[in-house]
Amino acid sequence: MAHYDYDLFVIGAGSGGVRAARMSASFGARVAIAEERYLGGTCVNVGCVPKKLFVYGAHFAEDFEDAAGYGWQGNGAQFDWPTLRDNKTREIERLNGIYRGLLTNAGVEILEARAVLEDAHTIRVAGSTVTARDILVATGSWPSVPDFPGRDATITSNEAFYLPEFPDRVLILGGGYIAVEFAGIFAGLGADVTLAYRGELFLRGFDEGIRRFVLDEMTTKGVTVATSKRIESIEHADGTKRCRFDDGTSLDVDLVLVATGRRPASTGLGLEAAGVALAENGAVVVDDAYRTNVPNIYAIGDVIDRMQLTPVAIAEGMCIAHNLFRGEERRINYANVPTAIFCQPNIGTVGPTEEEARQRYANLVVYESAFKPMKHTLSGRPERTLMKLLVNADDDRVVAAHMCGPEAGEIIQGLSVAITAGATKADFDATIGIHPTAAEEFVTMRDVTR
Ligand code: NDP
């Protein structure tokens, strides 16, 4: 039997790679992980974690205003960007240390350098060459910026977390997760925000009722959402960026954030040398056990471009470890993966959109409720909450829950257990609500809306 330096060599210490490496090592495998940038990957460093901290920060603007209706006088709070930015960075550095500890304590060797495959079992890393029985590519994704004159004057979410100064006027290009989340962050922190989206309604792929509702809410909160608008060029002079659009209009801003998707990070890794097949968009092609066309090379997470979500990458990492070093044959069920968008208010969703569900189920019943959250009876804020339950009337199963409102992610996470377990509308009806909460609405919807 061939002797290798490692049983598993993981490239990329993001959410998926770290989980696969730790679990594999805990099962007794000899594991190394290579990371050229930061431990914890996108999620910890320039994604979910710092984003959520910024979302909390942004929400205080409304909290201070809302406090007046509850008798709190004299809100003179001033926002200081360097404080938020630098406190966030300190927290990220703490988490980097925790990731290092998790890997080291599990017995994983950390190599802080770029790893490049020389062939299917040989990796060049930090000036030397090592061999591994199995290789896992978990290199994630990288912001993709379309080509147009002046694109060098833009930033991506990577830089948004480290801005030297907070901008007064911001243009956000794109209409996906990152665009709407950062629109809420910048607006909450006091910037004048315009979001320009190329289509008619942003958040394509989400439930249409939710998309329209979020559009209304964001607009009410002061974000300008411009649709059917494409950037043509940006001229940059004296700090101001003059953005010209395909409809002949222009807009002067201080910062342009491009959030037009993320590409699998698969170049420069020697995947070609190892014979690994890539899709047209650069995604590593894998089967349902994350095996590439080269039998000992696997890939998980954003680089396979199935669902660019941290918990999905972690689940894939767990799956790999169990399959490789526990002799199991695990597979992941991608149906009903819940997700949240931390725009303001949040979106939480599990299961198909109403449009998809209508295609799938002949007898779909929709329960819908839109209401003013109790908190805003005294605050006077015009914010509303929307909740939807989709039920297949043929077997009474609840097939989806969608929500736009405070803590939607927290609420939908719980409901996703019920939906994954196959709960029926009768089960929801038999569940006693917790009063007074917004979440109780999901178990007290009695009247069919459609
Ligand atoms: P998304 O894929 O969510 O959205 C990309 C947006 O950019 C779409 O609105 C798309 O429009 C638009 N777009 C794409 N190409 C162009 C172009 N050439 N010109 C103009 N517009 C364009 O990507 P994001 O960058 O927002 O986020 C990447 C991924 O990261 C997400 O898909 C998600 O999986 C993950 N993520 C998850 C978060 C969470 O869980 N809360 C938070 C942030 C990111 P169109 O709809 O017309 O294609």
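Since every read-out is calculated from the coordinates, none of them should be taken as a lab result. Since the structure is predicted, the reported quantities are computational estimates derived from the model, not experimental observations. All Cβ positions, glycine included, derive from the backbone under ideal geometry; neighbour counts span all protein chains shown.
Some observations on this one:
- Evaluation of THR227 against (1) surrounded by 14 or more Cβ atoms within 10 Å (Cβ to Cβ); (2) more than 13 Å from the ligand (Cβ to nearest atom); (3) hydroxyl-bearing (Ser, Thr, Tyr) (one fails), failing number: (2)
- Checking ALA153, ALA138 one by one, the residue that is surrounded by fewer than 22 Cβ atoms within 10 Å (Cβ to Cβ), out of contact with any Phe, Trp or Tyr (no Cβ under 7 Å at 6 or more places or on another chain) and among the hydrophobic types (A, V, I, L, M, F, W, C) is ALA153 and no other.
- Filter result for ALA29 (in a loop (DSSP other than H, G, I, E, B) and more than 16 Å from the ligand (Cβ to nearest atom)): yes
- Exactly one residue out of GLY248, GLY270, GLY222 is part of a loop (DSSP other than H, G, I, E, B) and touching a Leu at 6+ places or on another chain (Cβ under 6 Å): that is GLY270.
- Annotation note: of GLY190, GLY175, GLY205, the sole residue that is within 16 Å of the ligand (Cβ to nearest atom), surrounded by fewer than 16 Cβ atoms within 10 Å (Cβ to Cβ), among the small types (Gly, Ala, Ser) and not in a helix (DSSP H, G or I) is GLY205.
- For LEU324, the stated conditions do not hold, so it cannot be described as part of a loop (DSSP other than H, G, I, E, B), more than 16 Å from the ligand (Cβ to nearest atom), surrounded by 17 or more Cβ atoms within 10 Å (Cβ to Cβ) and hydrophobic (A, V, I, L, M, F, W, C).
- Residue match in the range 136-158 (condition: assigned to a helix (DSSP H, G or I) and within 30 Å of GLU208 (Cα to Cα)): yes
- Candidate set from the range 147-204 (those that are in contact with a helix residue (DSSP H, G or I) (Cβ under 9 Å, 6 or more places away or on another chain) and among the polar types (S, T, N, Q)); member that is nearest to GLY348 (Cα to Cα): SER157
- Filter pass, GLY239 being over 13 Å from PHE148 (Cα atoms), touching a residue at least 24 places away in the same chain (Cβ under 8 Å), surrounded by fewer than 20 Cβ atoms within 10 Å (Cβ to Cβ) and small (Gly, Ala, Ser): no
- The listed residue being within 26 Å of ARG22 (Cβ to Cβ), in contact with a strand residue (DSSP E or B) (Cβ under 8 Å, 6 or more places away or on another chain) and not in a loop (DSSP other than H, G, I, E, B), out of ALA400, ALA340: ALA340
- Selection from the range 328-358 of residues that are of a type in the set (Ser, Thr, Tyr) and touching an Asp or Glu at 6+ places or on another chain (Cβ under 6 Å): THR353
- Any pair with Cβ under 9 angstrom, 6 or more apart, that starts in the range 296-307 at a residue that is more than 15 Å from ILE135 (Cα to Cα) and ends at one that is surrounded by 24 or more Cβ atoms within 10 Å (Cβ to Cβ) and charged (D, E, K, R): ARG306/GLU316
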